[in-house]
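The values are calculated or read from the model by the stated rules, or taken from the named source; none is laboratory data. A quick note: this is a predicted structure, and the numbers were derived from the prediction, not measured. In this analysis, Cβ positions are derived from the backbone assuming ideal geometry, glycine residues included, and neighbour counts consider all displayed protein chains. When the accessible area is computed, the model is the full protein with side chains, heavy atoms only, and any ligands, DNA or RNA have been set aside. Shrake-Rupley method; radii C 1.70, N 1.55, O 1.52, S 1.80 Å.
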Amino acid sequence: MNNIKLKINGRIYEVKVEKNYTLLYVLRDMLDITGPKEGCGTGDCGACKVLIDGQALNACTTLAVKCEGKEIITIEGIADGPNLHPIQESFVEKGAVQCGFCTPGMVISAKALLDQNPKPTRDEIKKALNNNLCRCTGYVKIVDAIEDAAQKMRGDNHE
Ligand code: FES
Ligand code: FES
């Protein structure tokens, strides 16, 4: 066992982990941070995405021991207290919250994208969602929501 410190949503957690524990296991099963979901467990669906130093990465294929000293943000850390993040607001307003299981991962991918590229094209948004599988209704409303959130975050005029 290794004692490690992880910084998650601004708070430091000390955990005892084996070298092969995934970040997703530590978040969900050890720390009860259950926003990141376990879909495939093999890096294919994006339901477990978290921000690690600003990059949207799959927690199911990331080893917890590799995350020491990094800034981890889960969906729980995206909102500002009781206020939803503009991306979350736009997902709700545009009807992009679909099955719910995939949504946290989509919001995380959107956040990583918009932090790096405040004015993405629809194609760039679709590319950022490449690793977020949705099998229910497709991506149109999700892309609409991210475009809408980008406008809000830039402070553009917005109906
Ligand atoms: S659960 Fe991690 S990518 Fe599917
Ligand atoms: S949002 Fe989960 S399958 Fe479409």
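Descriptive notes on the structure:
- Solvent-accessible area of Asp156, all protein chains in place: 60 Å² (probe radius 1.4 Å, heavy atoms, ligands and nucleic acids excluded).
- For region 116-159, size of Cβ-based charge dipole, Lys and Arg +1, Asp and Glu -1, in debye: 200 debye
- Each other residue within a Cβ distance under 15 Å of Cys60 adds +1 if Lys or Arg and -1 if Asp or Glu, for a net charge of +1.
- Bridging of Lys16 to aspartates and glutamates at a Cα separation below 16 Å is possible for Asp29, Asp32, Glu68, once same-chain residues fewer than 8 apart are set aside.
- Its Cα centre serving as origin, the chain has a Cβ charge dipole (Lys and Arg +1, Asp and Glu -1) of approximately 340 debye.
- Sparsely packed trypsin sites (Lys or Arg not before Pro) within region 81-159, loop by DSSP, other Cβ within 10 Å at most 11: Arg135
- Carbon + sulfur, % of accessible area of the chain - ligands and nucleic acids excluded, 1.4 Å: 46 percent
- Out-of-range pairs (alpha-carbon distance over 26 Å; input Lys66/Lys152; Lys5/Lys126; Lys37/Lys119; Lys19/Lys49; Lys5/Lys37): Lys66/Lys152; Lys5/Lys126; Lys37/Lys119
- Once the Cα atoms are used to define both axes, helix 103-116 deviates from the longest principal axis of the chain by about 80 degrees.
- Accessible area per residue in Å² at 1.4 Å probe, computed on the chain: 53 Å²
- The figure for Tyr13 is an accessible area of roughly 40 square angstrom, using a 1.4 Å probe on the protein chains alone.
- Probe 1.4 Å, all protein chains present, accessible-area order of Asp44, Asp32, largest first: Asp32, Asp44
- Think of each Lys and Arg Cβ as +1 and each Asp and Glu Cβ as -1; about the Cα centre, that makes the dipole of region 69-130 roughly 260 debye.
- The relative contact order of region 5-159 comes to 24 percent, based on Cα pairs under 8 Å that sit 6 or more residues apart.
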